[in-house]
Amino acid sequence: MELLRIENLSKVYGKGENQVTALDNISLTVEKGEFVAIIGSSGSGKSTLLHIIGGVDVPTYGKVFLDGQDVYAQKSEKLAIFRRRQVGLIYQFYNLIPTLNVVENITLPVLMDKREASPERLEELLGLLGLAGRRTHLPNQLSGGQQQRVSIGRALMNAPAVMLADEPTGNLDSATGQEIINLLKLSNKKYGQTLIVVTHDENIALQADRIIGISDGKISRDERVR
């Protein structure tokens, strides 16, 4: 079942001599529950593609449909709500609020919608992520791996349609990085989350169901691993 469809997507920055085409007429689909790795060299356009899928950046041309919704047909306020509820974003540098503890950071997307966080969902995530004993800790009291676990919990709290991870292991040692990938794979299987990971690491990419290569803003590779 199709979850994501991208049609003739282009992204252009700047004008005239300073114009740079980050994405050049990309079209692709992703199935529900699929684990996709997007690989490419620095500046290839892979992170730009992820950010446009997640509603963080705006395409110059083309369309993005997520779970049947034309993402950029929405006005800015509805787009912000859609992004919080339907997209889970995980970054290399965690992006945690330094003054909020583990529980507060994880439940932030729900609270921003002025909704009550499910205690059952929270406890399940704290247990899954190995953070049950760290619930009142601030980010600066956690290791890098623990901070990334908190960012995963925050991304999962709303049970989004898709999880988007931009170099989620780039700031971690190899052993901790593999633990994070294992957690993302577990959420993919346990919750049926569609997972799209941007990485430059071929070993991580080979753990996905499918690899999409981006080069000079175009798809250079699209193959199923398993």
Of the conditions (1) in contact (Cβ under 8 Å) with a residue 60 or more places away in the chain; (2) not in a strand (DSSP E or B), residue 26 satisfies every one except a single condition; which number is it? (2)
Please name all residue pairs, on different chains or six or more residues apart, with Cβ atoms under 7 Å, provided the first residue is in the range 180-204 and is in contact (Cβ under 8 Å) with a residue 24 or more places away in the chain and the second residue is surrounded by 17 or more Cβ atoms within 10 Å (Cβ to Cβ) and of a type in the set (Asp, Glu). 194/34; 198/166; 198/167; 199/167
Failed condition for residue 12, given (1) under 19 Å from residue 82 (Cα atoms); (2) part of a strand (DSSP E or B): (1)
Positions within the range 168-196 being farther than 22 Å from residue 108 by Cα, of a type outside the set (S, T, N, Q) and open to solvent by 10 Å² or more (accessible area, probe 1.4 Å), in sequence order: 170, 172, 173, 175, 179, 185, 186, 189, 190, 192
Members of the range 124-178 found to be charged (D, E, K, R) and in a loop (DSSP other than H, G, I, E, B), listed by number: 135, 167, 173
Does residue 78 fit the bill of being of a type in the set (Lys, Arg), open to solvent by 70 Å² or more (accessible area, probe 1.4 Å) and either in contact (Cβ under 8 Å) with a residue 60 or more places away in the chain or assigned to a strand (DSSP E or B) (or both)? no
Counting just the residues of the range 129-154 that are aliphatic (A, V, I, L, M) and open to solvent by 10 Å² or more (accessible area, probe 1.4 Å), which one comes out nearest to residue 186 (Cα to Cα)? 132
Select from the range 101-121 the residues that are closer than 24 Å to residue 78 by Cβ, in a helix (DSSP H, G or I) and open to solvent by less than 30 Å² (accessible area, probe 1.4 Å) and list them in ascending order. 107, 109, 110
Can you list residue pairs whose Cβ atoms sit under 6 Å apart, with the first residue in the range 150-177 being touching a residue at least 24 places away in the same chain (Cβ under 8 Å) and the second being acidic (Asp, Glu) and not in a helix (DSSP H, G or I)? Count only pairs 6 or more apart in sequence or on different chains. 161/67
When you look at residue 176, is it at pLDDT below 90 and in contact with a strand residue (DSSP E or B) (Cβ under 8 Å, 6 or more places away or on another chain), yes or no? no
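The values are calculated or read from the model by the stated rules, or taken from the named source; none is laboratory data. Being a predicted model, the structure only gives us computed values, none of them experimental. Positions of Cβ are backbone-derived with ideal geometry, glycine not excepted, and every protein chain shown enters the neighbour counts. We work out accessible area using only protein heavy atoms, side chains counted, and drop any ligands, DNA or RNA first. Shrake-Rupley method; radii C 1.70, N 1.55, O 1.52, S 1.80 Å.
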